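This report refers to the structure that appears directly beneath it.
Derivation of every value follows stated rules applied to the coordinates shown; laboratory data play no part. Just so it is clear, the structure is predicted and the values come from calculations on it, not from any experiment. Note that we place each Cβ from the backbone using ideal geometry, even for glycine, and neighbour counts take in every protein chain shown.
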Amino acid sequence: MSIFSFFRSAPRASAVQAKERLQIVMAHERAGRTGPDYLPMLQQELLAVIAKYIDIDQNKVEVKLDRGGDCSTLELNIELPAREAAAKALKESAKLAVAGNRPAAKDGDESDPVKLAAGGALTNGGVKKRR
Amino acid sequence: MGKIIVMTSGKGGVGKTTSSAAFATGLALRGFKTVVIDFDVGLRNLDLIMGCERRVVFDFINVINGEAKLSQALIKDKRIDNLSILPTSQTRDKDALTREGVEKVLNELSKDFDYIVCDSPAGIERGALMALYFADHAVIVTNPEVSSVRDSDRILGVLASRSRRAEQGLEPVTQQLLLTRYDPERVERGEMLKVDDVLEILAIPLLGVIPESQAVLRASNVGMPVILDEASNAGQAYLDAVSRFLGEDVEHRFVTPQKKGLFSRLLRRSA
Ligand SMILES: Nc1ncnc2c1ncn2[C@@H]1O[C@H](COP(=O)(O)OP(=O)(O)OP(=O)(O)O)[C@@H](O)[C@H]1O
Ligand SMILES: [Mg+2]
């Protein structure tokens, strides 16, 4: 083994990352193939409920989805109209974590951005659901 | 009744045509009457790989349209007795493939042949759907690479829902993985997905691992299926895969880097 291969093997092997990424995305795609994808509906209905109480501008709704191994997050960031919100902090967010369809990634991988997002959902007082 | 095998992948350029030619030739070498059909309408290539491009008069689409008899369109291989090729049209598009037309041709072929190998086009549209619809066996040709693995999974989903066997509630199409263009040295360096990784993800039985090999290009240059280059890694790997397909228990070769002497390492030669 040369000194070069020592340096090369220092970062996580790209093949390992390839496998992990595939496992996560394919777990979702397989689940989506059999069951209906409820996320778009869920998102619409949630917005409808919020719109019942608050006059929201559809252009100021930001929707983010992060599909993770055993936990996915659906994040709705809704900018509230100025008069209803406090003086300068205009932004409030409602976050919802939706249970993953199938655990594919290893548990306890703290660097998993998906888990961090899920943690964020909890501290924001959002709803979190796990299978 | 002949058995219908489809070589399919979703992703383009992974080795379906190379594998169809090799596999059909291998089955014929083992004594089975075999025909290989090009379903890649508009992009005829199987004829070149099989080395019969100068003998094409009529094609698959002519037969479907009743413009030629099946016997007129079939080309008998010059090297192997039991082997025939049904080339496709270069001028029409995949809409020329009707389900009824394809079914009629396959029914007729299955009276005379033991195996019908269908070389699928890439994608999951009409051409690919037609190639897999009537299949009894599917060989999923996959490269150890993320987009190829994902597309293979899509195709497995299509086989499970949109094949004739699925639609009619029959015994499902058998599915086997043919992992091609495998480079054990890159795998060892952690740069390429391992056989086991791909197997774990796709969860189907392994038919064979075909190494990345310069013999494939050489064989295509001269219009000879690579399985006839018995000195090459790729040729031997295809021979093994055919044996496994026929139910024999053959150990996998070419999955670990070959030990190279200093001399060959200096020359950076590979088979
Ligand atoms: N084991 C291998 N080693 C090296 N090169 C290979 C190997 N298998 C296939 N190739 C090369 O890859 C290219 C694509 O192969 P091929 O035409 O068989 O793929 P395909 O899946 O039929 O493509 P398409 O989707 O366009 O029909 C060709 O240039 C071929 O020579
Ligand atoms: Mg091809």
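Points worth noting:
- Direction-averaged projected area, Cα convex hull, chain B: 14.1 nm², rounded to one decimal.
- Shielding of peptide B:201-209 by partners, expressed as the average count of other chain Cβ atoms within 10 Å per residue Cβ, is 1.
- Each peptide in B:176-184, A:57-65 was scored by the mean count of other Cβ atoms within 10 Å over its residues; highest first, the order is B:176-184, A:57-65.
- For segment B:9-167, a simple Cβ point-charge model (Lys and Arg +1, Asp and Glu -1, everything else neutral) yields a dipole of about 160 debye relative to the Cα centre.
- Taking 26 Å as the limit for the C-alpha separation, the pairs B:Lys3/B:Lys94; A:Lys64/B:Lys16; B:Lys11/B:Lys33; B:Lys11/B:Lys78 exceed it in the case of A:Lys64/B:Lys16; B:Lys11/B:Lys33; B:Lys11/B:Lys78.
- Antiparallel beta bridges, as assigned by DSSP with both residues in chain B, represent about 5 percent of the total such bridges.
- Helix B:99-112 axis, angle to chain B major axis (alpha carbon atoms, nearest 10°): 80 degrees
- Packing around the peptides B:82-95, B:21-34, taken as the average count of other Cβ atoms within 10 Å per residue, puts them in this order, highest first: B:21-34, B:82-95.
- Loop GluC sites (Glu not before Pro), segment B:51-135 (other Cβ atoms within 10 Å of the site Cβ: 11 or fewer; DSSP): B:Glu125
- Shielding by partners for peptide A:15-21, expressed as the average number of C-beta atoms from other protein chains within 10 Å of each residue's C-beta, is 6.
- C-alpha long axis of helix B:233-245 to longest principal axis of chain B, angle in °: 60 degrees
- For segment B:14-88, size of Cβ-based charge dipole, Lys and Arg +1, Asp and Glu -1, in debye: 260 debye
- Counting only alpha carbon atoms, the long axis of helix B:146-162 and the longest principal axis of chain B meet at about 30°.
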